[in-house]
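Everything on this sheet refers to the single structure shown next.
Bear in mind these aren't lab numbers, they're just calculated from the coordinates by the rules spelled out. All values reported here derive from a predicted model rather than from experimental measurement. Glycine gets a Cβ as well: all are built from the backbone with ideal geometry, and neighbour counts include every protein chain shown.
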Amino acid sequence: MTNTTDTFGPDEVRQYLYDVMRQNRPFREKAEQALVIGRDYLGVENGHLTRLDPETNHWEAIASTDPPDGTYPAGLTLDLQTTYCRRTIDNAAPIALHDAPAQGWADDPAFETHGLHCYHGTQVTVGDELFGTICFVSDAPRAEPFSEEKTMFTELLAQMLGHELERAQHEAALTDRERLIGVLNRVLRHNLRNDMTLLRGYAELLQEEGSPQQVDVAEMLLTTTDDLLALSEKARRLDTVVTNDLEYQRVEMGHFLQTIQAEIEAAVPGATISIEGDTDTYIRVAWSMETALREVIENAAKHAGDSPDVSISVRATDGKARLQVMDTGPGLPEQERTVLRDGAETPLEHGSGLGLWLVYWVVTSHGGTIETTVDETGTTVTISFPRTPAHTLPERLPSRKP
């Protein structure tokens, strides 16, 4: 849609918007089309949907009418305090500026930083929580204020996108839970059946052979039982993750990791775990992230020899937190690296890979990535994720061509 504000009336524009939202297309594509409609209806240069976190002053455009080389493309991040959006989220009603300096905003940090004379911003909420804003902006001022009909349109658009986000998140959560339940069922059926069969066979052997074999067989029984209990515990952790709602909390990385460090050093004899870097960085994560990081660090400590030495490096860059967990062990096996890289879960990987599959699921559900490197010095697992929680969306917005 490339028409001007004089071409369509409010009813026609609303109908265009309804038609877009009824399409069976990914959220980001619908959001982009809706922003184009709004941009043309309001007669401005750009429209964008933002994701905001006031606690970290994070501002990010997640959908935009601008191409990748435009002024406000999708993926752009800014300091919230330099934007008009900081005022929009504090205001119950939309903020409509047709000529910011003439309306008393010449000294505002947003105008001083970006020079936008024209701004129309509306809050977007998901459920009862702030998600971000819908913004329509221009460098040049408008000849006249935005009409009431145009403001009502932006409120309608914000409400519809909020509902679409909520629905997309709900569907993504259901898909993840169904997938996790499926994995749990397969793992428990496969491993419990096989291990219990093995255990029963050893018990029968012990009964039939008598005492000369008792010690050796008893050791086998203990080993199998320990493995089974470890698997059961990992399955329990997965079940806990999938059946609990994602509640994000703001934590300091140093304190977060030191808690895990103390627990693992107490549990793994001889383990030494060091932490360095940007430990004063604050992140907002679900409690499941602690479970995932503990799994990675504990795995490194348990497989790094008799005196395991594990180093943890923390870096904060570009709105992301990056952790590197380095050990001096023999190296993570390829099948377990596949679990971390792809989330693959196959019968051969049920026992050893279940804990790492949990790591993959938690990190990717936070919008993060995992990389593993193995060389002669050991294994390095690198985990990167946004410092600000991103609402899970089913896909990423493809780049627009100019």
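Quick notes
- Computed from label points 7 Å out along Cα-Cβ, the spacing between Ala92 and Glu204 is 7.6 nm.
- In a fully extended conformation the segment linking Tyr248 and Arg315 would gain 22.1 nm over its present Cα-Cα distance, using 0.36 nm per residue.
- Remark on segment 10-171: Rg and Dmax equal 14.7, 46 Å (Cα only).
- Ordering Asp128, Asp53, Asp90 by the number of other Cβ atoms within 10 Å of each residue's own Cβ, fewest first, gives Asp128, Asp90, Asp53.
- For the pair Lys302 and Glu55, a Förster radius of 41 Å applied to the C-beta separation gives a FRET efficiency near 0.70, rounded to the nearest 0.05.
- Residues Glu336, Glu129 arranged by fewest to most Cβ contacts within 10 Å: Glu129, Glu336
- DSSP-defined antiparallel bridges as percent of all bridges, segment 254-326, nearest 5: 55 percent
- Segment Thr259-Glu178, length gained on full extension (0.36 nm per residue, minus Cα span): 26.0 nm
- R0 of 45 Å, Cβ-Cβ distance Thr382-Gln159: FRET efficiency to nearest 0.05: 0.65
- Residue among Ala110, Thr122, Thr83 farthest towards the positive dipole end of segment 33-132, charges placed on Cβ: Thr122
- Per-residue extension of 0.36 nm, minus the Cα-Cα distance of Ala267 and Tyr18, leaves a gain of 83.9 nm for this segment.
- Whole-angstrom Cα spans of segment 247-393 along principal axes, big to small: 37, 33, 25
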